[in-house]
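**Student:** Okay, here's the structure, questions in a sec.
The values are calculated or read from the model by the stated rules, or taken from the named source; none is laboratory data. In this text, all values refer to a predicted model and were calculated from it rather than measured experimentally. Don't worry about glycine lacking a Cβ; one is built from the backbone with ideal geometry, like all the others, and counts go over all protein chains shown. For the accessible areas, the whole protein counts, side chains as well, though only heavy atoms, and no ligand, DNA or RNA atoms are used. Shrake-Rupley method; radii C 1.70, N 1.55, O 1.52, S 1.80 Å.
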Amino acid sequence: MKKLTAILLVLVMMLGIAACTPATTENPGSSSSEQTPPASTAMTHAEYLAAAEDDAVEVECYVQATQSWWDNKIVIYAQDKEGGYFAYNVACTEEDAAKLVPGTKINIKGFKTFYKGMPEIADGATFTVVEGADTYKAEATDMTSLLGKQELVNKAGMLAAFKGLTVEGFSYQNDTPGKDIYLNLKLGEASYSFCVESYLTGADTDVYKAVEALKAGDKVDIEGFVYWYDADEDASGDGINTHITKVTKVG
């Protein structure tokens, strides 16, 4: 009888211990903690501008336009809400080129370089589309007051507007219609060279035809992507060579 009583006491004590053991909410079939997505390693636009030549860069930005795809490469004009980017000959299949619709958010990885003073992401960069991201199409920012100023180079790749310019004349690359057009425009006493980039807006586009129809003395407003050519980083600002996307005759 004493043995039976002792056994019953042990059983009661064990049940009491089990009842006091805290329950676990862990699902043995899942991770014990939520996995936090890794923070983006993409640079801000200010960090991109501060990067030195040949530095590795990574940016997240929105496609604004592309030049013609060829040989598994594509030139991308991109922008975020801080500034612009010009990515030269990014590695790209023809299938992926079709995904580069204006407004699409992409991640670009590569190296920074300067070509004739123009900051750009160098030949050979790669990109991925940021799935599920928002879209963004930039409005042209009025940069007329920056003409002739070195600070304009920091706007490279951005969609800009330049207003109240006077046409001086234009010429074709290699004197060949259908090639790039170099449009000379004047503001005050200073002259500036803008460009119709044929790989961006070719001879069959309204932009190309509108520039061909201009005459010396015409007053125009211009929109285009800020580009820099034939001027080093310490130049006076005369290297502006905006790739034109819109021409409006005024006055």
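**Student:** Scan segment 52-59 and give yes if some residue there is closer than 19 Å to V226 by Cα and either open to solvent by less than 100 Å² (accessible area, probe 1.4 Å) or at pLDDT below 95 (or both), otherwise no.
**Tutor:** Step one: of segment 52-59, the residues closer than 19 Å to V226 by Cα are 59.
Okay, now just the ones that are also either open to solvent by less than 100 Å² (accessible area, probe 1.4 Å) or at pLDDT below 95 (or both), so 59.
Among the residues of segment 52-59, at least one is closer than 19 Å to V226 by Cα and either open to solvent by less than 100 Å² (accessible area, probe 1.4 Å) or at pLDDT below 95 (or both), which makes the answer yes.
**Student:** Got a sec? Which of Q173, Q150 is touching a strand residue (DSSP E or B) at 6+ places or on another chain (Cβ under 9 Å) and open to solvent by 20 Å² or more (accessible area, probe 1.4 Å)?
**Tutor:** It is Q173.
**Student:** If you don't mind, there's one more thing I want to ask. Only one residue in E120, E95 is without any contact (Cβ under 8 Å) to a residue 12 or more places away in the chain, on the phi < 0 side of the Ramachandran plot and either assigned to a helix (DSSP H, G or I) or crowded, with 17+ Cβ neighbours inside 10 Å (or both), so which one is that? Give the steps one after another, and end with the answer.
**Tutor:** Details: E120 fails: without any contact (Cβ under 8 Å) to a residue 12 or more places away in the chain.
The unique qualifying residue is E95.
**Student:** G178 fails exactly one of the following numbered conditions: (1) open to solvent by 60 Å² or more (accessible area, probe 1.4 Å); (2) on the phi > 0 side of the Ramachandran plot; (3) not in a helix (DSSP H, G or I). What is the number of that condition?
**Tutor:** Evaluating G178 over (1) open to solvent by 60 Å² or more (accessible area, probe 1.4 Å); (2) on the phi > 0 side of the Ramachandran plot; (3) not in a helix (DSSP H, G or I) leaves (1) as the failure.
**Student:** When segment 153-170 is examined, which residues are found to be open to solvent by less than 50 Å² (accessible area, probe 1.4 Å), in contact with a Leu (Cβ under 9 Å, 6 or more places away or on another chain) and under 22 Å from Y77 (Cα atoms)?
**Tutor:** Step one: of segment 153-170, the residues open to solvent by less than 50 Å² (accessible area, probe 1.4 Å) are 153, 156-162, 164-167, 169.
After this cut, where a residue has to be in contact with a Leu (Cβ under 9 Å, 6 or more places away or on another chain) as well, the list is 160, 162, 164-167, 169.
Scanning segment 153-170 gives A160, F162.
**Student:** If I filter segment 129-147 down to residues being hydroxyl-bearing (S, T, Y), outside any loop (DSSP other than H, G, I, E, B) and in contact with a strand residue (DSSP E or B) (Cβ under 7 Å, 6 or more places away or on another chain), which single residue comes out as most open to solvent (accessible area, probe 1.4 Å)? Spell out the reasoning first.
**Tutor:** Narrowing segment 129-147 to residues hydroxyl-bearing (S, T, Y): 135-136, 141, 144-145.
Remaining after also requiring outside any loop (DSSP other than H, G, I, E, B): 141, 144-145.
Filter once more, so that each one left must be in contact with a strand residue (DSSP E or B) (Cβ under 7 Å, 6 or more places away or on another chain): 141, 144.
Working: T141: 59, T144: 26 Å².
Among residues in segment 129-147 that are hydroxyl-bearing (S, T, Y), outside any loop (DSSP other than H, G, I, E, B) and in contact with a strand residue (DSSP E or B) (Cβ under 7 Å, 6 or more places away or on another chain), the one most open to solvent (accessible area, probe 1.4 Å) is T141.
**Student:** Given the criterion surrounded by 14 or more Cβ atoms within 10 Å (Cβ to Cβ) and more than 24 Å from the chain's Cα centre (by Cα), identify the matching residue among L214, L200.
**Tutor:** Details: L200 fails: more than 24 Å from the chain's Cα centre (by Cα).
The unique qualifying residue is L214.
**Student:** Let me ask you something else. Determine whether E189 is more than 21 Å from Q64 (Cβ to Cβ), open to solvent by 20 Å² or more (accessible area, probe 1.4 Å), touching a Lys or Arg at 6+ places or on another chain (Cβ under 7 Å) and acidic (D, E).
**Tutor:** Taking the combined requirement at face value, the residue does not satisfy it.
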